[in-house]
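Q: Here it is, the structure, as structure tokens.
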Amino acid sequence: MKLLLELFLTFAKIGLFTFGGGYAMISVVEDNCVERKKWITHEEMLNMTVVAESTPGPIAINAATYVGFQRAGVPGAAAATIGVVLPSFVIIYAVSLFLDRFLELAIIANAFQGIKVGVGILIFRTGLNMAKKLRREPLPMVIFLCAFLCLLAIEIFSLRFSSIALLLIAAVVSLAVFLWKGGGR
Amino acid sequence: MIYLELFFGFLKVGCFSFGGAYGAIPLIRDVVLDYGWMTDEQLTYMIAVSESTPGPIMVNLASYAGFTQAGILGGLVSTLAVILPAFFIILLISSLLKTFMKNPFVQAAFQGLIPCITGIILATGGYMILEHALPQWRPDLPAIALALLLTAILILAKKFWKKRVSPISLIGISAVLGIIVYGW
């Protein structure tokens with residue numbers, strides 16, 4: 001019970017003080033869970049990062065679930081996960097009560113006009129950084145370009161086609177190419 | 001029933017959001033625009049708020065959509081839905097499927113998923129800039145000026161200070177520029 005509480009409190013602290021999501025979170029988890037508490041080893045942390053990067057869902061949740069489970073099984077995983085989510089849940093609840101009135105202030109409205117453009121650039125920059133890391137091979141390049149052009153067309157012409165369908169098609173195409181090349185045997 | 005819609009809407013996001021928070025934004029955009037839970041403008045504001053408040057961006061966006069649509073219970077349902085897939089996948093991988101990630105079929109699927117989500121993120125960001133710079137294909141001069149200014153700042157920071165401008169600083173800078181450009 002004491003361990004569960006400690007997991008909960010440690011991850012609540014991580015959730016409360018980590019801005020900027022995913023990758024910022026990884027270094028804070030490393031500092032708390034590997035260096036200070038010695039809950040997991042450095043190597044386990046690296047493995048966890050690889051898994052967290054390639055599985056869906058928030059990286060913070062992946063990390064909390066993993067560390068919690070290693071230390072105290074399913075209850076530990078639940079305690080750490082609830083801990084990491086709770087602070088942002090409470091903060092966003094407060095924000096949701098005030099955001100509309102806040103936006104009525106002229107200076108804030110102007111600031112958000114600028115932020116709209118900034119957020120677009122932020123997302124575009126993330127996409128560019130990820131694109132630089134792609135393997136320069138025909139299949140990933142073709143899938144990347146097709147996905148880019150399809151989504152742009154979907155947005156511009158307001159077509160009804162979900163990004164999830166694009167992801168599933170990409171996974172199936174990639175698997176088909178793998179099998180066709182005789183992989184898996 | 002709004003709770004079920006919120007649950008399944010964000011469960012989909014939780015299941016398919018490869019590539020971290022920015023991979024989730026295009027999916028969240030699909031879901032909230034489809035159901036009419038947020039406008040494009042509200043979503044952009046909330047991305048900025050989520051970047052400037054602590055915690056996972058996906059959780060912040062899901063709980064905000066839930067709160068505004070159906071109060072505290074709505075927020076709870078959406079938050080739970082967006083984190084459940086990650087929770088169970090990690091439990092499975094760290095208990096039963098320790099070699100799952102090394103399976104050649106799984107790796108083959110990932111070789112398709114990663115470039116695809118990259119293209120999706122790039123197109124979403126590009127479209128969001130386009131949408132503000134050329135609303136209804138008519139140029140919006142202040143927005144274009146802002147976009148050019150921000151891009152110049154990012155490039156200069158990288159060239160001369162060898163520094164990557166963090167998301168929070170970028171949002172702070174664009175807020176200040178917004179006040180200056182639109183305040184006149």
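The values are calculated or read from the model by the stated rules, or taken from the named source; none is laboratory data. Quick caveat, the model's predicted, so the values are computed rather than measured. Backbone-built Cβ (ideal geometry, glycine too); neighbour counts: all protein chains shown.
Q: In the list A:PHE98, A:PHE102, which residue meets the criterion of being in contact with a helix residue (DSSP H, G or I) (Cβ under 8 Å, 6 or more places away or on another chain) and of a type in the set (Phe, Trp, Tyr)?
A: Working: A:PHE98 fails: in contact with a helix residue (DSSP H, G or I) (Cβ under 8 Å, 6 or more places away or on another chain).
One residue alone meets the criteria, A:PHE102.
Q: What residue, among those in the range B:131-141 that are more than 8 Å from chain A (Cβ to nearest Cβ) and either of a type in the set (Asp, Glu) or in a helix (DSSP H, G or I) (or both), is surrounded by the most Cβ atoms within 10 Å (Cβ to Cβ)? Break it down into steps so the answer makes sense when it comes.
A: The first filter runs over the range B:131-141 and keeps only residues more than 8 Å from chain A (Cβ to nearest Cβ), leaving B:134-141.
Next, only the ones that are either of a type in the set (Asp, Glu) or in a helix (DSSP H, G or I) (or both) stay: B:135-137, B:140-141.
Values: B:PRO135: 11, B:GLN136: 6, B:TRP137: 7, B:ASP140: 17, B:LEU141: 9.
This residue is B:ASP140.
Q: Suppose we filter A:LEU105, A:LEU134, A:LEU46 for residues that are over 17 Å from the mean Cα position of the chain (by Cα) and more than 25 Å from B:SER169 (Cα to Cα); which single one remains?
A: Details: A:LEU105 fails: more than 25 Å from B:SER169 (Cα to Cα); A:LEU46 fails: over 17 Å from the mean Cα position of the chain (by Cα).
Result: A:LEU134 is the single residue among A:LEU105, A:LEU134, A:LEU46 that is over 17 Å from the mean Cα position of the chain (by Cα) and more than 25 Å from B:SER169 (Cα to Cα).
Q: Condition first: at pLDDT below 90 and in contact with a Gly (Cβ under 8 Å, 6 or more places away or on another chain). Now tell me which residues in the range A:53-73 satisfy that.
A: A:GLU53, A:PRO56, A:GLY57, A:PRO58, A:ILE59, A:ALA60
Q: Now for a different question. A:VAL119 passes all but one of (1) surrounded by 24 or more Cβ atoms within 10 Å (Cβ to Cβ); (2) under 22 Å from A:LEU16 (Cβ atoms); which number fails?
A: (2)
Q: For the range B:44-71, give me the residue count where each residue is more than 7 Å from chain A (Cβ to nearest Cβ) and either of a type outside the set (Ser, Thr, Tyr) or over 13 Å from A:ILE92 (Cβ atoms) (or both).
A: Residues in the range B:44-71 being more than 7 Å from chain A (Cβ to nearest Cβ) and either of a type outside the set (Ser, Thr, Tyr) or over 13 Å from A:ILE92 (Cβ atoms) (or both): 8 in total.
Q: In the range B:27-43, is there at least one residue being within 7 Å of chain A (Cβ to nearest Cβ), farther than 19 Å from A:ALA64 by Cβ and of a type outside the set (D, E, K, R)?
A: Yes, that holds for at least one residue.
Q: Tell me whether the range A:91-110 contains one or more residues that are among the aromatic types (Phe, Trp, Tyr), at pLDDT 85 or above and within 21 Å of B:LEU91 (Cβ to Cβ). Give the derivation first.
A: As a first pass, look at the range A:91-110 and keep what is among the aromatic types (Phe, Trp, Tyr): A:93, A:98, A:102.
Of the ones still in play, those that are also at pLDDT 85 or above are A:93, A:98.
Right, trim to within 21 Å of B:LEU91 (Cβ to Cβ) and you get none.
Checked the range A:91-110: no residue is among the aromatic types (Phe, Trp, Tyr), at pLDDT 85 or above and within 21 Å of B:LEU91 (Cβ to Cβ).
Q: Still on this structure, I have one more. Among the residues of the range A:52-59, is there at least one that is surrounded by 16 or more Cβ atoms within 10 Å (Cβ to Cβ), touching a Pro at 6+ places or on another chain (Cβ under 6 Å), of a type in the set (Gly, Ala, Ser) and without any contact (Cβ under 8 Å) to a residue 24 or more places away in the chain?
A: Checked the range A:52-59: at least one residue is surrounded by 16 or more Cβ atoms within 10 Å (Cβ to Cβ), touching a Pro at 6+ places or on another chain (Cβ under 6 Å), of a type in the set (Gly, Ala, Ser) and without any contact (Cβ under 8 Å) to a residue 24 or more places away in the chain.
Q: Can you confirm whether B:SER169 is more than 7 Å from chain A (Cβ to nearest Cβ), small (Gly, Ala, Ser) and outside any loop (DSSP other than H, G, I, E, B)? Don't jump to the end; show me each part of the working.
A: Details: more than 7 Å from chain A (Cβ to nearest Cβ): yes; small (Gly, Ala, Ser): yes; outside any loop (DSSP other than H, G, I, E, B): yes.
Criteria met by B:SER169.
Q: Assuming B:ALA24 fulfils every condition listed in (1) over 20 Å from B:GLU131 (Cβ atoms); (2) in contact with a Pro (Cβ under 9 Å, 6 or more places away or on another chain) apart from one, which condition is it?
A: So B:ALA24 meets the others, but not (1).
Q: To continue, here is another question. It is to be established whether one or more residues within the range A:75-85 are over 18 Å from B:PRO85 (Cα atoms) and facing chain B (nearest Cβ under 7 Å). Give the derivation first.
A: Filtering the range A:75-85 for residues over 18 Å from B:PRO85 (Cα atoms) gives none.
No, the range A:75-85 contains no residue that is over 18 Å from B:PRO85 (Cα atoms) and facing chain B (nearest Cβ under 7 Å).
Q: Counting only residues that are in a helix (DSSP H, G or I) and of a type in the set (A, V, I, L, M, F, W, C), which one in the range B:172-184 is surrounded by the most Cβ atoms within 10 Å (Cβ to Cβ)? Talk me through it step by step, then tell me what you get.
A: Here is the first cut: in the range B:172-184, the residues in a helix (DSSP H, G or I) are B:172-183.
Filter once more, so that each one left must be of a type in the set (A, V, I, L, M, F, W, C): B:173, B:175-177, B:179-181.
Working: B:ILE173: 19, B:ALA175: 21, B:VAL176: 13, B:LEU177: 23, B:ILE179: 19, B:ILE180: 14, B:VAL181: 19.
The selected residue is B:LEU177.
Q: Against the conditions (1) crowded, with 22+ Cβ neighbours inside 10 Å; (2) more than 22 Å from the chain's Cα centre (by Cα); (3) of a type in the set (Ser, Thr, Tyr), where does A:THR41 fall short? Just the number, please.
A: (1) is the only condition that A:THR41 fails.
Q: So, one more: Which one of these does A:ALA176 not meet: (1) within 28 Å of B:LYS158 (Cβ to Cβ); (2) surrounded by fewer than 21 Cβ atoms within 10 Å (Cβ to Cβ)?
A: For A:ALA176, the failing item is (1).
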